[in-house]
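The values are calculated or read from the model by the stated rules, or taken from the named source; none is laboratory data. Note that the structure is a prediction, hence the values are computed from the model and not measured. Heads up, the Cβs are rebuilt from the backbone with ideal geometry, glycines too, and the neighbour counts pull from every protein chain shown. Just so you know, the surface numbers come from the protein's heavy atoms only, side chains and all, with ligands and any DNA or RNA stripped out. Shrake-Rupley method; radii C 1.70, N 1.55, O 1.52, S 1.80 Å.
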Amino acid sequence: MAFTLYSLLQASLLIVNAVAVLHEERFLRHVGWGTDQGIGGFGEEPGIKAQLMNLVRSVRTVMRVPLIALNSITIVLLLLFG
């Protein structure tokens, strides 16, 4: 398989899919990344763990509908062009 722009986009789509399916109660809480784990005080900068959890929540919220469309387009392209 050659390294092309399409394969790079497909790999990034797979990574975003992987982040989108992470479930806080089933998986993330067991490894110490639950919602109650990253509570900081008032005026403190959030740590890297809290920022990553915010990123995961944001990806799950914002990318739900676009991921359905992008996955569908990718499947159709793979079926048409192999």
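For the reader, a short list of remarks on this structure follows.
- Cβ-derived FRET efficiency at R0 35 Å, Glu45 paired with Ile75, nearest 0.05: 0.25
- The C-alpha atoms of the chain define a longest principal axis, and helix 64-81 lies at about 20 degrees to it.
- Helix axis angle, 48-62 relative to the chain longest principal axis, alpha carbon, degrees: 50
- Size estimate for the chain follows the Kirkwood approach: the inverse of mean 1/r over distinct Cα pairs works out to 14.9 Å.
- Cβ-derived FRET efficiency at R0 41 Å, Arg29 paired with Leu9, nearest 0.05: 0.80
- Portion, in percent, of the accessible area of the chain that falls on carbon or sulfur, probe 1.4 Å: 69
- Given the chain, longest segment not containing exposed loop chymotrypsin sites (Phe, Trp or Tyr not before Pro) (DSSP; at most 11 other Cβ within 10 Å): 43-82
- The residues of the chain have, on average, 80 Å² of accessible surface per residue, using a 1.4 Å probe with all protein chains present.
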